[in-house]
């Protein structure tokens, strides 16, 4: 209102760009178990690397969640265009064609909520229920130093692929049941190349299995770093994680699959995050995997008898100002050979369970096939649904496309 104008150079603030990968480990009508990993892109070098603390297990419920909603639930949602009588916000729910970041058009169920100076949008694909778009914006109050800050978030689905591992579909070790504990001990090193400085501290990682199924298990991972001389120890960090035999980045691999691997074999190559996973070495005791990325590399060794990860090493960082390294080995909780050896090949797709239930990502007919949304038009300005033969929006008056 005072006539002043501001651009991005006058309003410095934090920003970030990266990817989030969601691995589906298991599914059923009760939900889908996912392993979520965030990747950050360094703003100086442009290199992509894993976010060490940006990993978690997540259960998508059929009614909807951060990454997926059951197609049957999506089909039952009614379209809404209403303003809350108590002035709590405005909600719009529309079925509509939506242009993706890659130029493709997807039919989606879009939720658009506005309240005061905040807005949140999520869109699920009608056929699969997969989250294809998410955006949020909020304006904060003025402070001593600024006239107010705006937070903007935008996320698109950029790829969907089926990962084929040599051990997909095999049963996990019966020893990885609820209550099983493991312990890894090693070191963490912070490196500042410009200052020629390195700081190494001891670290212990405790793992406790919290639940397990035929091809997956969830666990709590608690990391405790040592303290600098004369300083109190840092607070421990606990992450809720998950592993499954449909996964590349896992803590356990079936021994039958390990014994069939060969040196140099490429297990997976992710073009989006530029990471390649291959077999570095094979012996009668262990198989070592090499993870090569833009910002560093890592190794994991697995015992060929039990299939358990027995040691790990990682080094690198997104930029040249600071780097890091971590290494560790299993010190408690070793497993023997599994009593039941499952050498069945991976099924081409998830099969129904013993009760005949379909996996969540398989649409159920006919409810998962809602009527096509192309029969109606949508206003490009406000998103309101309009008749197929309409020329102008009845809500805001904007001209409609052909």
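Does at least one position in the range 220-232 carry a residue that is closer than 27 Å to residue 34 by Cα and assigned to a loop (DSSP other than H, G, I, E, B)?
Looking for residues that are closer than 27 Å to residue 34 by Cα and assigned to a loop (DSSP other than H, G, I, E, B), one finds none in the range 220-232, hence no.
With respect to residue 267, determine if the residue is crowded, with 16+ Cβ neighbours inside 10 Å and part of a loop (DSSP other than H, G, I, E, B).
The answer is no for residue 267.
With the range 39-111 as the region, which strands (runs of 3 or more DSSP E) entirely inside it contain at least 2 residues that are closer than 28 Å to residue 241 by Cα and within 15 Å of the chain's Cα centre (by Cα)? It would help to see each step written out before you state the result.
Numbers: elements: 48-60, 80-83, 90-99.
Strands (runs of 3 or more DSSP E) meeting the threshold: 48-60.
Sort through 235, 225 and tell me the only one that's surrounded by 15 or more Cβ atoms within 10 Å (Cβ to Cβ) and either closer than 20 Å to residue 327 by Cβ or out of contact with any helix residue (DSSP H, G or I) (no Cβ under 7 Å at 6 or more places or on another chain) (or both).
Going through 235, 225 in turn, the sole match is 225.
Residues in the range 284-299 that are crowded, with 17+ Cβ neighbours inside 10 Å and outside any strand (DSSP E or B): how many?
2
Being under 21 Å from residue 19 (Cα atoms) and free of Cβ contacts under 8 Å to residues at least 24 places away in the same chain is the filter; apply it to the range 106-124 and report the residue that is surrounded by the most Cβ atoms within 10 Å (Cβ to Cβ). Steps first, please.
Let us first name the residues in the range 106-124 that are under 21 Å from residue 19 (Cα atoms), namely 106, 120-124.
Now drop any that are not free of Cβ contacts under 8 Å to residues at least 24 places away in the same chain, which leaves 120-122.
Values: 120: 16, 121: 17, 122: 20.
Taking the candidates together, the pick is 122.
Taking the range 300-316, which residues are closer than 23 Å to residue 19 by Cβ and crowded, with 17+ Cβ neighbours inside 10 Å?
300, 312, 314, 316
Applying the selection to the range 177-187, what residues are in contact with a strand residue (DSSP E or B) (Cβ under 6 Å, 6 or more places away or on another chain) and either over 15 Å from residue 206 (Cβ atoms) or without any contact (Cβ under 8 Å) to a residue 60 or more places away in the chain (or both)?
177, 178, 187
Going through the range 18-36 one residue at a time, which ones are over 19 Å from residue 132 (Cβ atoms) and either crowded, with 17+ Cβ neighbours inside 10 Å or at pLDDT 85 or above (or both)? Before the answer, list the steps.
Step one: filter the range 18-36 for residues over 19 Å from residue 132 (Cβ atoms), giving 25-26, 28-31, 33, 35.
Across the range 18-36, the qualifying residues are 25, 26, 28, 31, 33, 35.
The values are calculated or read from the model by the stated rules, or taken from the named source; none is laboratory data. All of these numbers come straight from a predicted model, not from anything done at the bench. Methodologically, a virtual Cβ is constructed for each residue, glycine included, from the backbone with ideal geometry; neighbour enumeration extends over all protein chains shown.
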